[in-house]
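Step one of this worksheet: look at the structure below.
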Amino acid sequence: MKRKKTVLVVVAHADDMEFMAAGTVARFVDELGYDVYEYILTDNSRGSYRLSREELIRVSAEEAVAAGHILGLREVRLEGYADGELDRVEPYVLRGQVMAVVREVKADIVMGWDPFAPYEDHPDHRAVAMATLEAAAFASNPLFYPEHAHGPQMVTEAYWFAKVPHNAGLFVDISTVMEKKVASLLAHDCQMVLTVDALAQEAAALGVTLPMLEGGDSDMHRQVIEMGIRDHCAKVGQAVGMAFAEQFRHEKLGMLDLLLGTSFIEPDFG
Ligand SMILES: [Zn+2]
């Protein structure tokens, strides 16, 4: 019987986790009974070509909670920093805030954007990624941020995801939970509209006509996203013989394995 673990997913935006890791999260919850918490650092207030920033803050928060409910998360916490401005926050402050949550929920595993993945263009992703790595690496040391309300916590594993994965050899089979991943992603309705608006803008810039983006069907964005995410996860899985997969760089954060030359820490899947 495996030890029950606690997972903290730390992301910049409301839909980051659902795009990159919702299938694996669903398996943590459904199969292993793990407690999974999500900590979203920004207010998502730049995620639309249609809504005002005020409307977006409200709607995206509601949608994040709904998506978390579908996945069975223990809590979805929004920190509320301005979207697109996370790099204005002092790294020391951001690291301390993430570490405080790591200690509060007693995270064994952190999951988030890979701090060392190449070609990441979003400053929020880069900022949250580095803060998460540093918070996880030093949360066990009582002399770091001794003012925190909760005591030190040893994080032993990290699951890093990236738009362009690098050294990411862990493939998690999400074939049995693909429907749940799609449902959690579609719960972020305003973000899916944005994604499809961005695709349409790109197509227009290139002067190409995509029939799937025409027609004005109010449900069109849902069909495009569902098709796109299924296609993407199928391509990721194809290389390793899985119908649908998510890909991670799995990192052991402690030094036990390194120093003793053994393997106490293995990923739960893959
Ligand atoms: Zn994002």
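The values are calculated or read from the model by the stated rules, or taken from the named source; none is laboratory data. Everything quoted here is computed from the prediction, not taken from an experiment. We place every Cβ from the backbone using ideal geometry, glycine too, and count neighbours over all the protein chains shown.
From the list 248, 244, which residue is surrounded by 15 or more Cβ atoms within 10 Å (Cβ to Cβ), closer than 30 Å to residue 63 by Cα and in contact with a Cys (Cβ under 7 Å, 6 or more places away or on another chain)?
Values: 248 fails: in contact with a Cys (Cβ under 7 Å, 6 or more places away or on another chain).
Just a single option satisfies the conditions, and that option is 244.
Any idea which residue in the range 40-56 is farthest from residue 101 (Cα to Cα), counting only those that are in contact with a helix residue (DSSP H, G or I) (Cβ under 9 Å, 6 or more places away or on another chain) and of a type in the set (Asp, Glu)? Explain how you work it out, then say what you get.
From the range 40-56, those in contact with a helix residue (DSSP H, G or I) (Cβ under 9 Å, 6 or more places away or on another chain) are 40-51, 55-56; that's our starting set.
Pick out the ones that are also of a type in the set (Asp, Glu) and you get 43, 55.
On the way: 43: 17, 55: 27 Å.
Going through the qualifying residues, I end up with 55.
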| said: Of everything in the range 1-60, what is part of a loop (DSSP other than H, G, I, E, B) and either touching a Pro at 6+ places or on another chain (Cβ under 6 Å) or more than 13 Å from the ligand (Cβ to nearest atom) (or both)? Give them in sequence order. | reply: 1, 2, 3, 4, 5, 33, 34, 48, 49, 50, 51, 52
| remark: Apart from one, (1) farther than 19 Å from residue 127 by Cβ; (2) in contact with a Leu (Cβ under 9 Å, 6 or more places away or on another chain); (3) not charged (D, E, K, R) all hold for residue 42; the odd one out is (1)
| field | Which numbered condition residue 179 misses (of (1) under 16 Å from residue 18 (Cα atoms); (2) touching a residue at least 24 places away in the same chain (Cβ under 8 Å); (3) of a type outside the set (Ser, Thr, Tyr)) | value | (2)
| query | Which members of the range 5-23 meet the condition of being charged (D, E, K, R) and within 8 Å of the chain's Cα centre (by Cα)? | reply | 15, 16, 18
| Would you pick out the residues in the range 1-25 that are more than 17 Å from residue 100 (Cβ to Cβ), modelled with pLDDT of 95 or more and surrounded by fewer than 24 Cβ atoms within 10 Å (Cβ to Cβ)? | 5, 19
| field | Every residue from the range 190-202 that is surrounded by 14 or more Cβ atoms within 10 Å (Cβ to Cβ) and out of contact with any Asp or Glu (no Cβ under 6 Å at 6 or more places or on another chain) | value | 190, 192, 193, 194, 195, 196, 197, 199, 200
| note | Pairing a residue in the range 13-25 that is touching a residue at least 12 places away in the same chain (Cβ under 8 Å) with any residue that is of a type in the set (Gly, Ala, Ser) and near the ligand (Cβ under 9 Å from one of its atoms), where Cβ atoms lie under 9 Å and the two sit 6 or more apart in sequence or on different chains, gives 13/47; 14/47; 15/47
| message | Being of a type in the set (A, V, I, L, M, F, W, C) and within 19 Å of the chain's Cα centre (by Cα) narrows it down to one residue among 220, 242, 192; which is it? | response | 192
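Inside the range 71-121, can you point out the residues that are aromatic (Phe, Trp, Tyr) and within 26 Å of residue 54 (Cβ to Cβ)? Don't jump to the end; show me each part of the working.
Here is the first cut: in the range 71-121, the ones aromatic (Phe, Trp, Tyr) are 81, 92, 113, 116, 119.
Result: 81, single match.
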| message | Let me spell it out: the conditions are (1) loosely packed, with under 14 Cβ neighbours inside 10 Å; (2) at pLDDT 95 or above; (3) closer than 28 Å to residue 48 by Cα; (4) among the polar types (S, T, N, Q), and residue 184 meets all of them except one. Which number is the exception? | response | (1)
| Looking at (1) surrounded by 23 or more Cβ atoms within 10 Å (Cβ to Cβ); (2) modelled with pLDDT under 95; (3) more than 24 Å from residue 229 (Cα to Cα), which is the one condition that is false for residue 55? | (1)
| query | Just wondering, is there one or more residues in the range 196-215 that are more than 21 Å from residue 58 (Cβ to Cβ), touching a Gly at 6+ places or on another chain (Cβ under 8 Å), assigned to a loop (DSSP other than H, G, I, E, B) and aliphatic (A, V, I, L, M)? | reply | no
| query | Quick one: would you say residue 43 is among the acidic types (Asp, Glu), closer than 17 Å to residue 162 by Cα, touching a residue at least 40 places away in the same chain (Cβ under 8 Å) and buried (at least 18 other Cβ atoms within 10 Å of the Cβ)? | reply | no
| query | Take the residues of the range 91-134 that are away from the ligand (no atom under 16 Å from the Cβ) and basic (Lys, Arg): which is nearest to residue 14 (Cα to Cα)? | reply | 95
